[in-house]
Amino acid sequence: QVQLVESGGGLVQAGGSLRLSCVASRRTILSNNMGWFRQFPGKAREFVASISFIGESTGIADSVKGRFTISRDAAENTVYLQMNSLTPDDTAVYYCAAGARVGSYSPRDYRYWGQGTQVTVSS
């Protein structure tokens, strides 16, 4: 069973930065296309960014383009989401996912999910 564990969320002021981490096995990171999603209260999970199994960024949501960056460090068993210039509209639970085809924007295409980490941005 593939396990994904997110961390790095918390409370930050508008304009600040956070780096989220998704810990998985080296095999998982090197064998799966992965993505970050976020979910607002009462809404469906939405795409944020994706990365291929060879470590190239394959997609970024328009709402975060220029502010968020997805990357990985396979040696550390981690996929990252660097979030800069945060606003209250970024407040959500952020999830790491794995197992989709390259560049998928659809949550239903991902086989494995982490538990999520809460990001709260204050004004």
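The values are calculated or read from the model by the stated rules, or taken from the named source; none is laboratory data. Please read these numbers as outputs of a predicted model, since none were measured by experiment. Cβ: placed from backbone, ideal geometry, glycine included. Neighbour counts: every protein chain shown. With ligands, DNA and RNA removed, areas are computed over all heavy atoms of the protein, side chains included. Shrake-Rupley method; radii C 1.70, N 1.55, O 1.52, S 1.80 Å.
Scanning segment 62-71 for residues that are buried (at least 17 other Cβ atoms within 10 Å of the Cβ) and more than 11 Å from the chain's Cα centre (by Cα) returns a single hit, 64.
Of all residues in segment 54-92, those satisfying the criterion of being touching a Ser or Thr at 6+ places or on another chain (Cβ under 6 Å) and within 12 Å of residue 103 (Cα to Cα) are 58, 59.
Output yes when any residue across segment 94-103 is open to solvent by 10 Å² or more (accessible area, probe 1.4 Å) and under 26 Å from residue 121 (Cβ atoms), and no when none is. Within segment 94-103, one or more residues are open to solvent by 10 Å² or more (accessible area, probe 1.4 Å) and under 26 Å from residue 121 (Cβ atoms).
For segment 59-74, the count of residues that are among the hydrophobic types (A, V, I, L, M, F, W, C), touching a residue at least 60 places away in the same chain (Cβ under 8 Å) and either out of contact with any strand residue (DSSP E or B) (no Cβ under 8 Å at 6 or more places or on another chain) or farther than 15 Å from residue 19 by Cα (or both) is zero.
Residue 102 falls short on exactly one of the conditions (1) on the phi < 0 side of the Ramachandran plot; (2) at pLDDT 95 or above, and that condition is (2).
Being open to solvent by 30 Å² or more (accessible area, probe 1.4 Å), among the basic types (Lys, Arg), in contact with a strand residue (DSSP E or B) (Cβ under 7 Å, 6 or more places away or on another chain) and touching a residue at least 12 places away in the same chain (Cβ under 8 Å), is that true of even one residue in segment 21-35? No, segment 21-35 contains no residue that is open to solvent by 30 Å² or more (accessible area, probe 1.4 Å), among the basic types (Lys, Arg), in contact with a strand residue (DSSP E or B) (Cβ under 7 Å, 6 or more places away or on another chain) and touching a residue at least 12 places away in the same chain (Cβ under 8 Å). Within segment 36-46, the set of residues being in contact (Cβ under 8 Å) with a residue 12 or more places away in the chain and either open to solvent by less than 20 Å² (accessible area, probe 1.4 Å) or on the phi > 0 side of the Ramachandran plot (or both) comprises 36, 37, 38.
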